[in-house]
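These notes concern the structure reproduced below.
Just so you know, all these numbers are worked out from the coordinates, no wet-lab data involved. Given the structure is predicted, the values throughout are model-derived calculations rather than measurements. Please note: Cβ atoms are built from the backbone with ideal geometry, for glycine as well, and neighbour counts cover all protein chains shown.
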């Protein structure tokens, strides 16, 4: 922070920092605008924030760590629309681009490698111009050698330009990624410029509250939420993700919208949500790409993105850009009993 910044501005920035830490992002956004209206510019970094007198007085480059892009897929990682999104995420990096696929969410399956092997082959072909070097990381457990806490196993995450994790079970992913070295590494890499994408189970697991899809849909558990990994809060966003928002696999017989919950169960889920959060619904073959440096999210793909709050719902289409402030302003609150 520059030595010639007035104490008043420093104090406003400290108040903004504390507001972000408490999750009061509306107040933090208001304080940012107040600081900028007074003629000062804020650059957020991994270690805090840097104040400068105006946008023409930029902080020194070596102090800035620009976060990477984060894409949340509704589905369609292996499709023509998905290929376009993967390409958007790897474009900033020199060839050969290094890609790491973390298989943890599918660890409960008899063959947890099947889906990620298909994705590997798809990326080898679809991103051929970038000469991808792809590593599948078979860290399918958190308490065994070769698991999510094994430094040697997850080392490819530290070398990757682009990290993806997706298909599987949300609850399994939470159980085996929570407080793990793998998750810590992914968050740190994202903060320091690596692109990350999450889909399906991983997209749900990364949220503030997570939907235990398999337990409700297959085992018949009552509709409920579980605490998610809350990764998005690391970047100032209190969001909970529902992929497969417009799913139609059940045809006319079974309502499989809202990640296979259907309308009736989804309304029950809304009535028991444990705390305030912005619910983001992602249609099939769609993604929302977050640029943390710009504090915007861009819709990509064939479907829509829905922001669901208690007071209003907003729907966005391909190529539309959503400011973070707008995401934070659409919040779903628990129902008062």
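At what distance in nm do the modelled label points of residue 317 and residue 221 sit from each other, each positioned 7 Å from its Cα along Cα→Cβ?
Once both label points are built, they end up 3.9 nm from each other.
What whole-number distance in Å separates the alpha-carbon centres of the range 71-93 and the range 171-243?
19
So what's the range 180-300 giving for Cα Rg divided by 2.2 N^0.38 Å, two decimals?
Values: Rg = 15.0 Å, N = 121, 2.2 N^0.38 = 13.6 Å.
Here the Cα radius of gyration is 1.10 times the empirical estimate.
Angle, helix 181-191 long axis vs. longest principal axis of the chain, Cα atoms, 0 to 90°, nearest 10?
50
Could you work out how far helix 114-126 tilts from the main Cα principal axis of the chain, as a 0 to 90 degree angle to the nearest 10?
Value to nearest ten degrees: 60.
As a test of the formula, what do you get for the chain when each DSSP H run with n ≥ 4 contributes -39,500 (n - 2.57) and the sum is divided by the residue count, at 222 nm and rounded to the nearest 500 deg cm²/dmol?
Taking each H run of at least 4 residues, the total per residue is -9000 deg cm²/dmol.
Read through the labelled values (i) 1.10; (ii) 0.94; (iii) 0.97 and report the label of the one computed as Rg/Rh (Cα atoms, Kirkwood Rh) from the structure.
Looking at Rg/Rh (Cα atoms, Kirkwood Rh) for this model, the match is (iii).
Sort 221, 176 by Cβ crowding within 10 Å, fewest neighbours at the top.
221, 176
Would you mind ranking 10, 189 by Cβ crowding within 10 Å, fewest neighbours first?
Values: 10 15, 189 22.
Arranged by neighbour count, lowest to highest, 10, 189 become 10, 189.
Sort 282-295, 194-207, 122-135 for me by packing, meaning the mean count of neighbouring Cβ atoms within 10 Å per residue, highest on top. Show your work: numbers first, answer last.
Working: 282-295: 21.9, 194-207: 28.2, 122-135: 16.3.
Peptide ranking by packing, descending: 194-207, 282-295, 122-135.
Over the range 69-329, what is the relative contact order in percent, taking alpha-carbon pairs closer than 8 angstrom and at least six residues apart?
Dividing the mean separation by the residue count of the range 69-329 yields 20 percent.
Compute the acute angle (0 to 90°) between the alpha-carbon long axis of helix 7-22 and the principal axis of greatest extent of the alpha-carbon atoms of the chain; round to the nearest 10°.
10
Highest first, please rank the peptides 208-216, 257-265 by the mean number of other Cβ atoms sitting within 10 Å of their residues.
Highest-to-lowest ranking by the protection proxy: 208-216, 257-265.
Multiply the residue gap between residue 272 and residue 22 by 0.36 nm, knock off their C-alpha separation, and tell me the result in nm, one decimal place.
87.7 nm
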